[in-house]
1. Starting from residues that are touching a strand residue (DSSP E or B) at 6+ places or on another chain (Cβ under 9 Å) and surrounded by fewer than 23 Cβ atoms within 10 Å (Cβ to Cβ), keep the ones in the range 1-12 and report whichever is nearest to Tyr54 (Cα to Cα).
2. Can we say Tyr255 is surrounded by 21 or more Cβ atoms within 10 Å (Cβ to Cβ), hydroxyl-bearing (Ser, Thr, Tyr), touching a helix residue (DSSP H, G or I) at 6+ places or on another chain (Cβ under 7 Å) and part of a helix (DSSP H, G or I)?
3. Within the range 239-258, restricting attention to residues that are of a type in the set (A, V, I, L, M, F, W, C) and over 11 Å from Leu285 (Cβ atoms), which residue is nearest to the chain's Cα centre (by Cα)?
4. For the range 31-55, which residues satisfy the criterion of being under 28 Å from Gly256 (Cβ atoms), surrounded by fewer than 20 Cβ atoms within 10 Å (Cβ to Cβ) and among the charged types (D, E, K, R)?
5. Listed residues Val44, Val30, Val35; which is under 18 Å from Val289 (Cβ atoms), touching a residue at least 24 places away in the same chain (Cβ under 8 Å), among the hydrophobic types (A, V, I, L, M, F, W, C) and touching a Pro at 6+ places or on another chain (Cβ under 9 Å)?
6. Of (1) within 17 Å of Tyr255 (Cα to Cα); (2) surrounded by 21 or more Cβ atoms within 10 Å (Cβ to Cβ), Gly28 satisfies all except one. Which?
7. Identify the residue in the range 56-83 that is touching a residue at least 40 places away in the same chain (Cβ under 8 Å) and under 18 Å from Pro103 (Cα atoms) and, among all such residues, is surrounded by the fewest Cβ atoms within 10 Å (Cβ to Cβ).
8. Counting only residues that are in a loop (DSSP other than H, G, I, E, B) and within 15 Å of the chain's Cα centre (by Cα), which one in the range 285-307 is surrounded by the most Cβ atoms within 10 Å (Cβ to Cβ)?
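The values are calculated or read from the model by the stated rules, or taken from the named source; none is laboratory data. Note that the structure is predicted; figures quoted are calculated from it, not measured. Methodologically, a virtual Cβ is constructed for each residue, glycine included, from the backbone with ideal geometry; neighbour enumeration extends over all protein chains shown.
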Amino acid sequence: MRKIIGIGETILDIIFRENRPYAAVPGGSVFNALVSLGRLGKEVLFISELGKDYVGDLIRSFMEENHISTQYIDFFPDGKSPISLAFLDERQNAHYTFYKSFPSQRLDVPFPPINEDDIFIMGSYFCIDPALRKRVREFIEYAAERRAIIYYDPNFRKAHLHEAIYLTPTLLENFEFADIIRGSDEDFENLFQESEVDKVYEEHIRVYCKNFLMTRGSKGVELRTKRVKAHFDTPFIQPVSTIGAGDNFNAGILYGLLKYDIRKADLDTLGEADWQKIVRCGLDLASEVCQQIDNYVSPDFAKNYQL
C-alpha cells in the first residue's frame, strides 16, 4: 500500500476573531494536510519536532487520534513547542504572529521507510530554514533516491519577505527536487513580485519542475504542465476561515494521486481529464475546510468522502 510522508513544522494555532481568542487547534501547513489524509484512511508518516511540554503532549495525542505516526517526531527537552497567533480579518483571511524557542540540535530522528511511488510532501519556511537545511535536505534526497513523488508547497509568508533574496537559492533547490509544485498567487507575489501564472511558470518554475498548480482563492486554480494548460473554477462558498484552505487543497491533490493510482512515471503523460479529477479532490477538501474553524476536514466528511 502506498503511503504519504510529510516534513514540516508543527504548531499550535490560537485563532482570534475580532481580537478575541476563538479557538486553539494544532496546525502547520504539511501537518494540516496530513491530518485530513489520516482521517481519509491513508497511511501517513510525519517528520517534525515538538517540545516535551504541555503543548507538545497535546499535539502528540491529537496526532495519535488522527492516525499519524509520532515515530519521526523529535520531542526536544530544551526549548518550547511553537505557537502562532492567527488574526482573522473581515474576509476570514489570517494574519500571523509566531512564537518559537528551539534547541541547537534539531530533527534528531531516523529516516522513515519510503518506497517507490510513495508521496513525499514538503513545504513552508521549515524546508528552507537555514537552521534546519542540512538535515531537511538529507530527508529530501532520501525521498528522491527512493523514487517517491515529491510535492512542494513553498507557502512563503510576508513575514519572511526580508529574507527572500537570501533564501531563494534554497527554494530553487527544492523546486529542482519537486515533481509537482503548488503555490498560491500570494506566494509568488511575495517571492518573485509576480503572480501572473504563465510568467511565473515560464520564468521561475518550468526549468526546474514541469507540473505546476497555482491557487488563486475564489478566482480558481491554474494548471501548467508539459502537455496541459487549464483553468478550474472554485466552487462558491461562504468561508468561516481560510487558514487550512491551501493545505487541504494539497491533501486533496495527494488523495487524488492515490485514488486514481497515479505513479511517478505517469505524471508526464497525464491529460486535462486526468488532472481535472485530481484537482476536483483538492477543491472538495479546500472548500470543506473553509466552512469550519478547524484546519482539516471533519471525521464525518472524511468518512462520507471515501464512499
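1. Going through the qualifying residues, I end up with Leu12.
2. yes
3. Going through the qualifying residues, I end up with Ile243.
4. Answer for the range 31-55, where residues must be under 28 Å from Gly256 (Cβ atoms), surrounded by fewer than 20 Cβ atoms within 10 Å (Cβ to Cβ) and among the charged types (D, E, K, R): just Glu43.
5. Numbers: Val44 fails: touching a Pro at 6+ places or on another chain (Cβ under 9 Å); Val30 fails: touching a Pro at 6+ places or on another chain (Cβ under 9 Å).
The unique qualifying residue is Val35.
6. Every listed condition holds for Gly28 apart from (1).
7. Ile83
8. Of the residues in the range 285-307, the ones in a loop (DSSP other than H, G, I, E, B) are 291-298, 306-307.
Then drop every residue that is not within 15 Å of the chain's Cα centre (by Cα), which leaves 295-297.
Values: Asn295: 26, Tyr296: 29, Val297: 27.
Step by step, filter the range 285-307, then rank; the result is Tyr296.
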